[in-house]
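Below is one structure, written out as structure tokens, with a few remarks after it.
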Amino acid sequence: MTQQTHPYSIELEGISKRFGAVQANKNIDLQVPTGTIHGIIGENGAGKSTLMSIIYGFYEADSGSISIDGQQVAIRNSQDAINVGIGMVHQHFMLVENFSVLENVILGAEGGAVLKQGMDAAREELKRLEQEYSLDIDVDAIVEDLPVGLQQRVEILKALYRGAKILILDEPTGVLTPQEADHLFRILKSLKEQGVTVILITHKLREILASTDNVSVMRQGEMVAHRETSKTDKEELAELMVGKKVRLKVNKDEAKPEQTVLSAKDLSFFDGQGVERLKKVSLELKAGEILGIAGVSGNGQSELLNVLSGITPMASGEIQFAGQTITASEPKNAAQMRDLKMAHVPEDRHKMGLVTGFEAYEAAVLGYHDSEAYNGSVLMKRSAMLEECNERMAAWDVRPPNPHLKTANFSGGNQQKIVIAREVEQNPNVLLIGQPTRGVDIGAIENIHEQIVKLRDAGKAILLVSVELDEIMALSDRIIVMFDGAVVGEVSANEADERTLGLMMANAWNEGQGAQA
Amino acid sequence: MSQAKVPAWVSVGLIPLLNILLAFLVSGLVFLAIGEDPIEAAGYLVYGAFGYDEGIGYTLYYATNLIFTGLAVSVAFKAGLFNIGGEGQAYIGGLGVGLLCLWFDSSLPLLVIAPLAIIGGALFGAAWAYIPAYLQARRGSHIVITTIMFNFIASSLMVYLMVNWLKAEGVMSPISRTFEESAWLPYMHDIFAPFGFDIGDSPLNLAFVLALLCCVFYWALVWHTRWGYQLRTVGTNPTAAQYAGIDNAKVTIWVMLISGGLAGLVGVNEIMGVNHNLLLNFTAGYGFAGIAVALMGRNHPIGIVLAAMLFGALYQGGAELSFEIPTITPEIVVVIQGLVILFSGALENMFKGKIEGLFLRKAAA
């Protein structure tokens, strides 16, 4: 390859992409200077991942152009992207777990029918790459035996082996320990010194400030700012990231919190890969208040909801609820928690809250299907279920009010009303509610918010999880911020503003406190 | 989100019919290839299956077994489980029926033995399904693999038991002694005879009524009880089931018990209704054919009865066909059955997309 003379290794011009009604990318321009580390920061749904998927050929842009080293290129699939020197390290690794490092690296680039030749050549090449970029790794190790930090290194090697001159990393530190993350940034620095251009996508301000040369901020599908990292600070970035939003208005009086109805102490949870998703989370929930949990999604909120509602067992810690002590050795499942009058509107209604193949009146009893109200001695009381469903559909204005329609055929807002009505009408003492208005149209949002406040005013305790900062700020009486599985801050709703919350969500508030501890 | 829907008659009527038609067309080509007239052959097949009283009796007798195994496969499928072990469960179910008949045939009247044997057959079948179910639910062993393997174990176990323990004295083949008549399930033609109806002698017996009752049981269980609600939730959305506090493992186990029990009832038809002794290989592939029946019957009892009758007709009409046209050997009949399974089971979706698209476009226009 000839020496690059062009100042920008990658240039985007007017990239737009629409999915149905959602404009995921709006007229994006981006210039990444050769041999630099470029950060792209933004909230969930800001369009970062869509943009990177366009660069890597997973999606084709509706309009706009991509130039590599000044040459306009057409990237229709990931092979095209690899051919022009783009490598991608995904948030979720794309490795064959029971293959060795070497086998994974040459996958798709085996070089001929006889494996041995390709393997030997690859071994030599890998040795060179390892030395050049100081990426030491045992090429014969089996991938599943490696810690995640090293698995990520395999992904980087894979990209370099294919001749990547531009390396894109999507939320690379999400699965890493702080030490592993530090090591990663050292590797990225040495890559940069060797002339590789690195694009780093993250929502963590600290990482951006510590490791990048330039940073671009995305918000709601648009590129809102480009900054030289040395000439900006976390406050400015947080504000750019969150934006000055029109404040969502919810009519509500001052909360009158009463006794604590649920308290959680030191809840921990590990996922299937052994990654600690909840780190000693403690919280107290009082009757008559709405406790909002803010945070970029994937920072432990879903796990918290699942542990509190009994869907997944905790690893350690303790929940006090309804006079019961729930621990890892004395767990309660979701049905038992429901019996203690805890209701739960899950974050993902398609995956969890509904059975989309069921008719509405059937989905309207999910979780309460064992209740006396719906059962005779053997058969279910279909007429009672239908009657109740009709009443609720009228009360909650579900459209169309047809209890026999399959739940899949309702719009998102109406599906959500079916779920919320189901949970709220059971008159619970505690309501866990996740992303109450995700994918819900404006009119329904207002209605749902009103119902949540009404429930609070009736003296119920409500735990609200949402990635919509507006919603958290509009509804909550008290706000807890989660980052990386831990609670990193708490503010009362009156004191909360976008900037403070934005900084907390990016873990850039109060150096040295919180998750790193 | 598309609101348009394909009319029900298209998905449960037109598409399966087209698939069967195609299977028969290809079968016609097979007949042509061996130099026989396909029209004539089809005539014999239909006449053999439905043309006279005895033929109909045989068709329904075969269908009885297929309804049991079809329901067995289907109920497991509703919970997202693929029970390939109907053959083994039917075999062991038959063992249960046979043992009870051998023990009680000279001491108890039919009115007591019949319910005992029915419960016994179901329990034995269920017990045989329990082990794979437990392994799936608690140990994560894939149920397709374990149920297949349990078919072989059942087969070997039966050979061992028949040869070493249950063989009647003084016979050279591995069959038990014949039951006393008090342990014979009445034939339909015997039941109808006192009323002046002559429906022709066939092996069709009271087990057919039991099969129809099982269809009602299936319908009530799956769509009208909380257990059915749970099993459908587990089958369509296991995450939602977890959210609802439904114990997936528990559901897996009891659904397989029901599935195995239904398959075990094949023994009532075969052992108590027809053979009147215990013998080897009476299941004759009904367990496997049940998979095709369930698929073709769209996992609905009415569909399963219709599909079971189609396969029963193929068994019976096929036998007639190879009797009338000697060049059409029983193996060719198996080929036809195979083609029906291929087109209605394995290639079920071949036309589905196109035809549904056609109707959706028409609806949109």
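Using only atoms on other chains, find how many Cβ atoms lie within 10 Å of each Cβ of peptide A:368-375 and report the average.
The shielding value for this peptide is 3.
Based on the Cα atoms of the protein assembly as shown, what semi-axes does the equivalent ellipsoid have, where each is the square root of 5 times one gyration tensor eigenvalue, given in whole Å with the largest first?
60, 36, 27
Say a site is exposed when it is one of the trypsin sites (Lys or Arg not before Pro), sits in a DSSP loop, and has at most 14 other Cβ atoms within 10 Å; what is then the longest site-free stretch of chain A?
By the stated rule (loop sites, at most 14 other Cβ atoms within 10 Å), A:250-517.
Summarise the long-distance tail of P(r) for segment B:71-284 by giving the % of C-alpha pairs beyond 30 Å. Display every interim value, and only then the final one.
Values: 6456 of 22791 pairs.
It works out to 28 percent of all Cα pairs.
Is there a simple number for the mean count of other chain Cβ atoms within 10 Å of the Cβ of residues in B:242-251, and what is it?
Numbers: counts 7, 15, 14, 16, 7, 3, 0, 0, 0, 0.
So the per-residue partner count for this stretch is 6.
Calculate, for B:F217 and B:S173, the FRET efficiency according to 1/(1 + (r/R0)^6) with r their C-beta to C-beta distance and R0 35 Å; round to the nearest 0.05.
Values: r = 36 Å, r/R0 = 1.04.
That gives a FRET efficiency of 0.45.
Could you check what % of the DSSP bridge pairs in the protein assembly as shown are antiparallel, to the nearest 5? Numbers along the way, then the final one.
Numbers: 49 of 85 bridges.
Taking every DSSP beta bridge with both residues in the protein assembly as shown, the antiparallel ones total about 60 percent.
With Cβ to Cβ distances under 13 Å as the rule, what net charge do the other residues near A:N214 carry (K, R +1; D, E -1)?
Every neighbour counted, the sum reads +1.
How far, in nm, would the chain grow between A:V275 and A:E490 when pulled straight, counting 0.36 nm per residue and subtracting the alpha carbon separation?
74.9 nm
Could you work out how far apart the two model spin labels at A:E450 and A:Q194 are, taking each label as a point 7 Å from the Cα in the direction of the beta carbon, and quote it in nm?
Distance between the two pseudo-spin positions: 6.2 nm.
Using packing as a proxy for protection, rank B:71-77, B:183-189 so that the peptide with the highest average count of other Cβ atoms within 10 Å comes first.
Details: B:71-77: 28.4, B:183-189: 21.1.
Order by mean packing, descending: B:71-77, B:183-189.
Would you kindly state how much longer the chain becomes between B:L157 and B:R138 on full extension, computed as 0.36 nm times their sequence separation minus their alpha carbon distance, in nm to one decimal? Walk me through the numbers on the way to the answer.
Details: separation 19, 0.36 × 19 = 6.84 nm, distance 2.51 nm.
Stretched fully, the B:L157-B:R138 segment lengthens by 4.3 nm.
First check a/c for chain B, with a ≥ b ≥ c the square roots of the eigenvalues of its C-alpha gyration tensor; if it is under 1.5, answer rounded, and if not, answer prolate when a/b is larger than b/c or oblate otherwise.
oblate
Give the range of the longest stretch in chain A that excludes all GluC sites (Glu not before Pro) found in loop regions by DSSP and having at most 13 other beta-carbon atoms within 10 Å.
A:259-494
In the structure shown, do any of A:K204/A:K265; A:K351/B:K250; A:K231/A:K279; A:K252/A:K341 have a Cα-Cα gap over 29 Å, and if so which?
Beyond 29 Å between Cα atoms: A:K231/A:K279.
Given a Förster radius of 30 Å and the C-beta distance between A:T260 and A:S371 as r, what FRET efficiency does 1/(1 + (r/R0)^6) yield to the nearest 0.05?
The formula returns an efficiency of 0.60 here.
Using helices alone, I'd like the mean residue ellipticity at 222 nm for chain A: each DSSP H run of four-plus residues gives -39500 (n - 2.57), total over residue count, nearest 500. Write down the numbers at each step before the final one.
On the way: 16 runs with 161 residues, N = 517.
My calculation for chain A gives -9000 deg cm²/dmol from helical runs alone.
Counting only the backbone N, which residues of segment A:445-477 are under 20 Å from the spot 7 Å out from the Cα of A:D497 toward its beta-carbon?
Answer for segment A:445-477: A:469-477.
Along Cα→Cβ, 7 Å out, is where each label goes; now give me the distance between the ones at B:A193 and A:K127 in nm to one decimal.
Using points 7 Å along Cα→Cβ, the separation is 9.2 nm.
No lab work stands behind these numbers, since they all come straight from the coordinates. Nothing here was measured: the structure is a model prediction, and the numbers come from that model. Note: ideal-geometry Cβ built from the backbone for every residue, glycine included; neighbour counts use all protein chains shown.
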